[in-house]
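A quick write-up on the structure given underneath.
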Amino acid sequence: MRNKILIVGASSDIAKPLIEHLLNYDDMHIGLHYSSNYNSIANYEENDKCSIFQKTLNTEKSCQQLVDEFVNAAGGIDCMIQLCGNVTNPVHWESLTEEDVFQDLQINLVVPFFLAKRSIQYMKLNGGSIVLMSNAGAKFGGGSNSLFYGISKAGIDRLTKGLAKDCAKYNILVNAVAPGFIDTKFHRDVLNRNDEELKKRIDMIPLKRAGKSSEVASTIIFLLSDGARFITGEVITISGGDWL
């Protein structure tokens with residue numbers, strides 16, 4: 001397990017079990033990035049294995065600065081895990097504005113690219129690992145109220161493979177995880193789904209339950225482990241059999 005790990009979007013539900021697992025390792029230095037939800041990571045402020053970074057990521061420069069600040073704090077970077085993402089305006093695609101479209105593409109595809117680009121520049125000397133966040137529904141067109149989120153995630157799938165192919169010569173692994181319906185606040189707080197809608201959605205899953213954040217975190221942890229050193233360019237679906 002490499003030990004200089006930057007988690008971008010560390011205030012997300014998926015980040016918590018990931019952080020808790022990584023803290024079990026000795027000599028670990030974890031960068032925890034957040035945009036506005038400091039309360040989700042406040043408990044790690046006094047942990048000497050963690051460095052906390054607040055930054056709004058909306059330009060190449062801001063992405064570069066975040067990676068640079070982590071490298072300065074940790075003395076390098078072995079892994080960059082991108083968990084940040086959002087649906088700008090969860091309405092039917094016919095109601096999307098030009099600003100909505102470009103913001104969805106920016107946070108869900110452009111920002112991950114620039115984070116990976118800067119991280120790879122540092123990793124070229126000693127190798128490393130990039131883990132990006134895709135979505136299981138992206139390959140099926142996404143939802144009507146999250147169309148450009150899905151389009152962005154389909155772009156992440158292609159980005160993963162393109163970067164993996166070009167970076168293999170530097171021993172840099174690039175993979176993505178693609179969660180399906182995971183039990184997080186995203187569905188209620190962002191997509192505004194009620195109990196009835198959530199139940200209907202869960203009933204569509206062959207395993208008849210929502211996924212857990214810990215199950216996504218476990219897949220990411222595997223991709224960072226020594227046992228996954230021969231895996232690159234993959235998008236691993238975690239969906240309970242959805243869309244089979």
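The values are calculated or read from the model by the stated rules, or taken from the named source; none is laboratory data. Note that the structure is predicted; figures quoted are calculated from it, not measured. In this analysis, Cβ positions are derived from the backbone assuming ideal geometry, glycine residues included, and neighbour counts consider all displayed protein chains. Please note that ligands, DNA and RNA were not included when accessible areas were found on the heavy atoms of the full protein model with its side chains. Shrake-Rupley method; radii C 1.70, N 1.55, O 1.52, S 1.80 Å.
Residues that are in contact with a strand residue (DSSP E or B) (Cβ under 7 Å, 6 or more places away or on another chain) and over 22 Å from V87 (Cβ atoms) occur at least once in region 175-196. Scanning region 91-114 for residues that are aliphatic (A, V, I, L, M) and within 30 Å of M80 (Cα to Cα) turns up V101, L105, I107, L109, V110, V111. What residue, among those in region 196-217 that are of a type in the set (G, A, S) and touching a residue at least 40 places away in the same chain (Cβ under 8 Å), is farthest from N3 (Cα to Cα)? So the residue we want is S213.
Scanning region 113-127 for residues that are open to solvent by less than 20 Å² (accessible area, probe 1.4 Å) and closer than 20 Å to A228 by Cβ gives A116, S119, I120, M123, G127.
Scanning region 6-47 for residues being among the β-branched types (V, I, T) and in contact with a Ser or Thr (Cβ under 9 Å, 6 or more places away or on another chain) gives a total of 3.
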